[in-house]
Structure formats: C-alpha cells, structure tokens
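J.: For reference, the structure I am asking about is given below.
The values are calculated or read from the model by the stated rules, or taken from the named source; none is laboratory data. Source: prediction; values computed, not measured. Ideal geometry is used to build each Cβ from the backbone, glycine not excepted, and the neighbour counts take in all protein chains shown. What goes into the accessible areas is simple: the full protein's heavy atoms, side chains included, and nothing from ligands, DNA or RNA. Shrake-Rupley method; radii C 1.70, N 1.55, O 1.52, S 1.80 Å.
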Amino acid sequence: MATVHLRIGDLVWGKLGRYPPWPGKIVSPPKDLKKPRGKKCFFVKFFGTEDHAWIKVEQLKPYHPHKEEMIKINKGKRFQQAVDAVEEYLKKAKGKDQTHSDDKSKSDKGRKAAKPMKIIEEDDEDAFKGGSSDKEQTDSDPEPSSVRRLVAGTVSGFKWESSPVKDDPHFHHFLLSQSEKPASSMEPITKRLKIIEEDTRSTSIQAADSTAINGSITPTDKRIGFLGLGLMGSGVVSNLLKMGHVVTVWNRTAEKVQSKCDLFIQEGARLGRTPAEVVSMCDITFSCVSDPKAARDLVLGPSGVLQGIRPGKCYVEMSTVDPETIMELAQVITSRGGRFLEAPVSGSQQLSNDGMLVIVAAGDRSVYEDCSSCFQAMGKTSFFIGEAGNAARMMLIINMVQGSFMATIAEGLTLAQATGQSQQTFLDILCHGQMASTFVDQKCQNILQGNFKPDYYLKHIQKDLRLAISMGDSVNHPTPMAAAANEVYKRAKALDQSDNDMSAVYRAYIH
C-alpha cells in the first residue's frame, strides 16, 4: 500500500478503538502536551465534538479520498452532523480564500515562493514541539474559539481493523475534552490527564466525554429489556432506542405504564406485560427502581424477574440500593443459572436524557462487557470495580457526598439571606471560585427562581444518605456530616418536599 504523507492542517478520518472512523483535522498540540512514545502519531481535533486525541498514523486516512466510503458505512445522526461541520468549515475556508485572494496575490509579488510546510516524518519529535504559532493554530482549527480550553479523559488503544486488540503498553491515546472554564484558568494539560491502566483494580469501557463516540455506537445484537421508567429509566431507554438497540420495556407503576410505554413503543420499543415476560424475551434485562424494597419485589415478587431467569440470562440492577440487597439479588439470580451485574448510575434526569450518566458496575465481568454498547448509549463513562456489592458501596458514598453538599449550599443561601446579604451575589462569588460547577450553578439558580421540578428526587437522596449512614455504622465508621444532612432532608420531607428536586432541601431552612 502506498505511503500517505500527512501534515498539520490536513483533514483526516481518525479511528478510536471499536468506534467508527470520525472526521477531524491534524493540528498542533498544546505546548504542555508531550507526544506519546512509540509509533508515529498526530494530534487530531474532531469535528462535531469537543474532543482531541493523539492518533497513530495507521489509524488515519485522508478525508477527501475516503469520504464516500465512510459516509456509506456510518449512518448515525451525530456522525452526519460531524460531516456537515467539515463541509461548513471547507465552505468558510474557501470563502475566506476568495475574499483575500486579490490582496494575497499583490502581497506575494516580488517575494520568494513560500516555503512549503514541513511533512512530519516517523521520528520527527521536534515537529510537535514547535508547530505553528498560537494564531496559526487558532485560524486553522475546526472550532477555533475553544481549542485552548482543555481537560482530559482517556481512551484505549485501537487498530484500524474491526477485530478487538489489546492495548499497546507503550502508547496511550489522550482524548482531551474541552471544559467551559475560561482560557485564563487553564492549567498545564499534562496535569489533567487521567490514565486508567489495564492492570489497575478498576477499568473503564469508555472514559471520555465524547459526543462523537456516543453518536456512532454499534448496538449489540442482544435483546435488551428494561424495567422501570422513572426519571432515570426513561432517559436511558430513550438513548438505547436512539442508538439502535432492540428494547422491551415494562414499568412497575400501573397508572404510568400505558402513557410511558406508549411513548417508547412509538419510538420502536416492545412492551412486556410482566417482569418475568421481559426477562424471558430478552438476553440482558436492566432494572432501575427507587429503593431496596422495590428492587427486591421486582425480582422476588409475583411474575417477577426470578421467574423468567434461565441459564445464561443476564440481569443488571441499576438501582441505588444497599450492598446487602445486591448480594441477595446476585445470589438468587445466579442460583437459577443467571448472570448478575450491578450498575448504579451517578447523574440526574437531565444527564440521563443527554446520555451523559456515569455508570459504576460490579459483579460478572463478562456481563459488563456484553453491556458495552448499552453503557456507551446511556453514559459518558463506565467503570467496573470488582465483585458484586462494590458498586452499591461506591454509589452510596458518592450520593452521600452530593446530598451533604447540597444541604450545605442551601444552608449558605439561607444564611446569606438572614444576614442581609444578596443570595445572587453569594452564588456569583461561589461560581467564580474553586467550587464552581454546573451542579452548583443550576441548583442555586433553580432555588432562587423557586423552581423545584425534580431532576433527582429529594426522597431518593435522603434514602441514599440513610443507607450510607447505615453502611458506615456496619463498619464502625463515623458519618456525622451525612447524619446532620440527613436530618435536614427528613425535615424537608415532613414539609411535603419528597417529590420535589433535592434542592428543595432549601425549604427546610425557611420554614
């Protein structure tokens, strides 16, 4: 095969792991980012996303010669949006060239011919160190206004071929997702890189905030079942369907079954009459319900999951429950020859709708791998952390911290008001400091607007605090901060805030 020479500024197709090729442009890397050791690679910015990555040269193809080929094999909506972004970029570049052609031709008269851009060779380490100036890089990037705002994620090594391969231990791809932080607060990018090695205790199927990856998923051919269409479950099912999965749904709340299920049936889902029927019809069945009792009833109750379990059937518990419940469910599922995985999620209704949940899984590793395309559809990243029960423990800790933090923010807002300070100014200061986050901004703005529409039910965060405190007691570990926060949420529940958003804990301080 003829050698293809690439250089900075070239449009290319770059391949990431198991995902389809994606259109991008070779750009100069940030000065603080070192070129990975090993094989020749280029730093690529992908169109239609906020992602960058080091890509090995064998995983790159020139854009124009392979455009028709790639469009034929990739049909995803986000993929098409990325291709449209390339065409828009080319159109703008052409228009710019046309506008300035006369001036350029005049300025070029009498000058020497411009020195051609250097083609980066296999061992040309200095090419990435010098690169183009900041101005040149900005002018040539697909999304120039945000190229300097970078944070880090990781993706596995890959081959252009479709067959799975092991990671190259001498090469890591650094997928660099942009943040919304201003460029002035940018720290050296090398400090932000997060690498998940194969030999660590936790591994990740997808550790990148990548809309490109989410938009080009190859869905599993396994039949998927989903039980529970609440705030989280509805968004998950919607994304599974959008990404081409075959899904059968069931909802446990009788009065909500028809309307919710009808909506998904219109999108291509199938309807199961009972949990047992869904499990018997599907290869992998997910459940996402409110609490330990609901999770047990779903499995052990009449026409429950257990009645549909046969050898080889997979059951994935996504509810946030205590580890004891998980161990019980794992035991009864596996006793029937089933395969069990727990996979609680960190996020909210909005993140569920956007397919940006964080999935924390534990149990049967092979089930986790079988769920790869499902987890990519519903979340931005997923972690596997060992034996069943570990994910429940981790998620309770995560939610304990989140719930305590929300209560503290509410306390600060009400104290500001009580001492004659502007709550808006309090929020503005907070959002320009070290605690700035989308979570803080959205929750506080909603509080100030009196908007407590549930994004994560208050009753559920209180349940998580209660379970986390109990877990601490079981290992004789003090949880005084969580215990204090739990009392505030209990007061909010007594004020009839259970079905409002967790931010309604604010009302516990003003009544």
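J.: Within segment 22-52, restricting attention to residues that are part of a loop (DSSP other than H, G, I, E, B), closer than 26 Å to Pro219 by Cβ and open to solvent by less than 10 Å² (accessible area, probe 1.4 Å), which residue is modelled with the highest pLDDT?
T.: Here the residue is Phe47.
J.: Same structure, new question: Yes or no: segment 401-409 includes at least one residue that is more than 20 Å from Val345 (Cβ to Cβ), touching a helix residue (DSSP H, G or I) at 6+ places or on another chain (Cβ under 9 Å) and open to solvent by 60 Å² or more (accessible area, probe 1.4 Å).
T.: Within segment 401-409, one or more residues are more than 20 Å from Val345 (Cβ to Cβ), touching a helix residue (DSSP H, G or I) at 6+ places or on another chain (Cβ under 9 Å) and open to solvent by 60 Å² or more (accessible area, probe 1.4 Å).
J.: Quick test of your reading of the structure: Val345 fulfils all but one of (1) touching a Lys or Arg at 6+ places or on another chain (Cβ under 9 Å); (2) closer than 30 Å to Ala492 by Cα; (3) not charged (D, E, K, R). Name the failing condition by number.
T.: Unmet for Val345, out of (1) touching a Lys or Arg at 6+ places or on another chain (Cβ under 9 Å); (2) closer than 30 Å to Ala492 by Cα; (3) not charged (D, E, K, R): (1).
J.: Quick test of your reading of the structure: Leu430 fulfils all but one of (1) without any contact (Cβ under 8 Å) to a residue 24 or more places away in the chain; (2) touching a strand residue (DSSP E or B) at 6+ places or on another chain (Cβ under 8 Å). Name the failing condition by number.
T.: Here Leu430 clears every test but (2).
J.: Another one. Please specify each residue of segment 482-499 satisfying the condition of being open to solvent by 40 Å² or more (accessible area, probe 1.4 Å) and under 29 Å from the mean Cα position of the chain (by Cα).
T.: Once the filter is applied, which keeps residues that are open to solvent by 40 Å² or more (accessible area, probe 1.4 Å) and under 29 Å from the mean Cα position of the chain (by Cα), segment 482-499 yields only Asp499.
J.: Moving on. Checking the structure you have, find out if any residue of segment 418-434 is open to solvent by 30 Å² or more (accessible area, probe 1.4 Å), within 29 Å of Val321 (Cβ to Cβ) and in contact with an Asp or Glu (Cβ under 9 Å, 6 or more places away or on another chain).
T.: No; the residues of segment 418-434 include none that is open to solvent by 30 Å² or more (accessible area, probe 1.4 Å), within 29 Å of Val321 (Cβ to Cβ) and in contact with an Asp or Glu (Cβ under 9 Å, 6 or more places away or on another chain).
J.: Now, a different point. Glu277 - would you say it is outside the structural domain of Ile461 (by the TED database), surrounded by fewer than 19 Cβ atoms within 10 Å (Cβ to Cβ) and in contact (Cβ under 8 Å) with a residue 24 or more places away in the chain?
T.: Yes, satisfied.
J.: Go through (1) open to solvent by 40 Å² or more (accessible area, probe 1.4 Å); (2) small (Gly, Ala, Ser); (3) closer than 25 Å to Met318 by Cα and name the single condition Gly450 misses.
T.: Here Gly450 clears every test but (3).
J.: Moving on to the next point. Does segment 53-80 hold any residues that are outside any helix (DSSP H, G or I) and crowded, with 17+ Cβ neighbours inside 10 Å, and which are they?
T.: Ala53, Trp54, Ile55, Lys56, Leu60, Lys61, Asn74, Gly76, listed by residue number.
J.: Can you name every residue in segment 401-440 that is within 23 Å of the chain's Cα centre (by Cα) and within 24 Å of Pro480 (Cα to Cα)?
T.: Val401, Gln402, Gly403, Phe405, Met406, Met435, Phe439, Val440
J.: Still on this structure: Here's a check for you: in segment 295-313, which residue that is closer than 29 Å to Ile461 by Cβ and of a type outside the set (D, E, K, R) is most open to solvent (accessible area, probe 1.4 Å)?
T.: Looking at the filtered set, the residue picked out is Leu300.
J.: Going by the conditions given, is Gly233 under 28 Å from the mean Cα position of the chain (by Cα), in contact (Cβ under 8 Å) with a residue 12 or more places away in the chain, in the same structural domain as Gly337 (by the TED database) and not in a helix (DSSP H, G or I)?
T.: no
J.: From the list Met406, Met435, which one is touching a residue at least 60 places away in the same chain (Cβ under 8 Å) and not polar (S, T, N, Q)?
T.: Criteria check complete, one pass: Met406.
J.: For segment 385-400, state whether one or more residues are more than 19 Å from Met327 (Cα to Cα) and more than 17 Å from the chain's Cα centre (by Cα).
T.: Yes, segment 385-400 has at least one match.
J.: Can you find a residue in segment 282-303 that is in contact (Cβ under 8 Å) with a residue 24 or more places away in the chain, in a helix (DSSP H, G or I) and over 28 Å from Ser498 (Cα atoms)?
T.: Checking segment 282-303: not a single residue is in contact (Cβ under 8 Å) with a residue 24 or more places away in the chain, in a helix (DSSP H, G or I) and over 28 Å from Ser498 (Cα atoms).
J.: Considering Gly355, Gly363, Gly389, which residue is under 21 Å from Val237 (Cα atoms) and either small (Gly, Ala, Ser) or at pLDDT 95 or above (or both)?
T.: Exactly one of Gly355, Gly363, Gly389 is under 21 Å from Val237 (Cα atoms) and either small (Gly, Ala, Ser) or at pLDDT 95 or above (or both), namely Gly355.
J.: If you don't mind, there's one more thing I want to ask. Could you please find all residues in segment 500-510 being touching a residue at least 60 places away in the same chain (Cβ under 8 Å) and open to solvent by 40 Å² or more (accessible area, probe 1.4 Å)?
T.: Tyr509, Ile510
J.: Let me ask something additional. Among Ser335, Ser290, which is the only one that is among the hydroxyl-bearing types (Ser, Thr, Tyr), outside the structural domain of His460 (by the TED database) and out of contact with any Gly (no Cβ under 8 Å at 6 or more places or on another chain)?
T.: Step by step, each of Ser335, Ser290 is checked, and only Ser335 is among the hydroxyl-bearing types (Ser, Thr, Tyr), outside the structural domain of His460 (by the TED database) and out of contact with any Gly (no Cβ under 8 Å at 6 or more places or on another chain).
J.: So Lys222 fits all but one of (1) at pLDDT 95 or above; (2) within 21 Å of Ser319 (Cα to Cα); what number is the exception?
T.: Going through the list (1) at pLDDT 95 or above; (2) within 21 Å of Ser319 (Cα to Cα), Lys222 breaks only (2).
J.: The conditions are (1) touching a residue at least 24 places away in the same chain (Cβ under 8 Å); (2) over 20 Å from Ser290 (Cα atoms); (3) surrounded by 15 or more Cβ atoms within 10 Å (Cβ to Cβ), and His460 fails exactly one of them. Which is it?
T.: (2)
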